[in-house]
Amino acid sequence: MWPDEARCAAAFTFDFDAESVWIADDPENAKRPGVLSQGTYGAKVAVPLILDLLERHDVRATFFVVGQVAEQYPDRVEAIVRAGHELAVHGYTHTSPAKLSRAEEEHELIRARSILEGFGAGVTGYRSPSWDFSPHTVDLLEEHSFRYSSNFMDDIRPYRHEGRSLVELPVQWILDDAAHWWFGSADWTKKISTTAEVRAIWEEELLGIRELRGSCILTMHPQVVGRPSRLAFLDAFLGFVTGLERTWIATCDEIAGRVP
């Protein structure tokens, strides 16, 4: 499946949410600048630093961008496109499709894609804001000619949805930075992992996927992975992955294109 006799594929993906996560969870948060500042950090500080890291390692990534975020921070999205990275849809308002009617979901999908295409990039992929689908999501993605989805957790290799042209690029919480580092003040019992712990987990999982000739889809959020200590971790991890022989590092669209 992979080019040049590679043993596995690896994709570095970033969900560019900014403040939209907190507003979608509770519209009243729009009046709470302190709460929203957690997301502001992602756009204000983290995205430029992440782009610098990716350039240093000559790695092209996929950025799943919320439509409202692209409207609010067009300079950041322009910088992502200018650096040669892929844009993909992450909803318009970071609202789970499971909470929307079919018409509302379709409206969000079309609007978000149109905004991202306005930056001059082709947009073929979709990641739900919640890694959750409604009964209509697959039909809508198929109807609107999306090439791939990156939401399900049922495999370690990409595949086509049954009876569809839509490709699935499987993900998993173990390879998501939020599972290890996201902190919610509503529950003070959650431990924040060290970078050493996450490095060990990600390396072991990647090597396991590589042994089985699968695809490793890493999911990160600028406001989470973009803290200084974690950027140093990402720098080292990028070096580790790019140094692995017969490991194909690609965008999600490129990986989806390898599925028969």
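Tabulated values for the structure
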| read-out | value |
| --- | --- |
| Scope segment 62-119; condition among the polar types (S, T, N, Q), exposed (fewer than 14 other Cβ atoms within 10 Å of the Cβ) and assigned to a helix (DSSP H, G or I); matching residues | Ser114 |
| Test result for Asp17, at pLDDT 95 or above, crowded, with 19+ Cβ neighbours inside 10 Å and of a type outside the set (A, V, I, L, M, F, W, C) | yes |
| Cβ pairs under 8 Å, 6+ apart, first in segment 96-122 and more than 20 Å from His136 (Cα to Cα), second of a type in the set (Gly, Ala, Ser) and buried (at least 21 other Cβ atoms within 10 Å of the Cβ) | Ile115/Gly67; Ile115/Ala70; Leu116/Gly67; Leu116/Ala70; Leu116/Ala88; Phe119/Ala70 |
| Residue match in segment 28-51 (condition: on the phi > 0 side of the Ramachandran plot and outside any helix (DSSP H, G or I)) | no |
| Flag if Glu204 is out of contact with any helix residue (DSSP H, G or I) (no Cβ under 9 Å at 6 or more places or on another chain), of a type in the set (Asp, Glu) and either modelled with pLDDT of 95 or more or assigned to a helix (DSSP H, G or I) (or both) | yes |
| Checking Val59 against (1) part of a helix (DSSP H, G or I); (2) aliphatic (A, V, I, L, M); (3) in contact (Cβ under 8 Å) with a residue 60 or more places away in the chain, the condition it does not meet | (1) |
| Gly163 vs. criteria small (Gly, Ala, Ser), touching a strand residue (DSSP E or B) at 6+ places or on another chain (Cβ under 9 Å), surrounded by fewer than 14 Cβ atoms within 10 Å (Cβ to Cβ) and outside any strand (DSSP E or B) | no |
| Condition check for Ser145: more than 16 Å from the chain's Cα centre (by Cα), assigned to a helix (DSSP H, G or I) and closer than 20 Å to Cys252 by Cβ | no |
| Tally, over segment 79-94, of residues that are charged (D, E, K, R) and either within 15 Å of Ala46 (Cα to Cα) or without any contact (Cβ under 8 Å) to a residue 12 or more places away in the chain (or both) | 1 |
| Output for segment 123-138, where each listed residue is touching a residue at least 60 places away in the same chain (Cβ under 8 Å) and assigned to a loop (DSSP other than H, G, I, E, B) | Thr124, Arg127, Pro129 |
| Every pair of residues 6+ apart whose Cβ atoms lie under 9 Å, when the first sits in segment 227-255 and is modelled with pLDDT of 95 or more and surrounded by fewer than 19 Cβ atoms within 10 Å (Cβ to Cβ) while the second is in a loop (DSSP other than H, G, I, E, B) and hydroxyl-bearing (Ser, Thr, Tyr) | Ser229/Thr194 |
| From the options Glu211, Glu204, Glu197, residue that is acidic (Asp, Glu) and either in contact with a strand residue (DSSP E or B) (Cβ under 9 Å, 6 or more places away or on another chain) or touching a residue at least 60 places away in the same chain (Cβ under 8 Å) (or both) | Glu211 |
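The values are calculated or read from the model by the stated rules, or taken from the named source; none is laboratory data. Please read all numbers here as calculations on a predicted model, not as lab measurements. Note: ideal-geometry Cβ built from the backbone for every residue, glycine included; neighbour counts use all protein chains shown.
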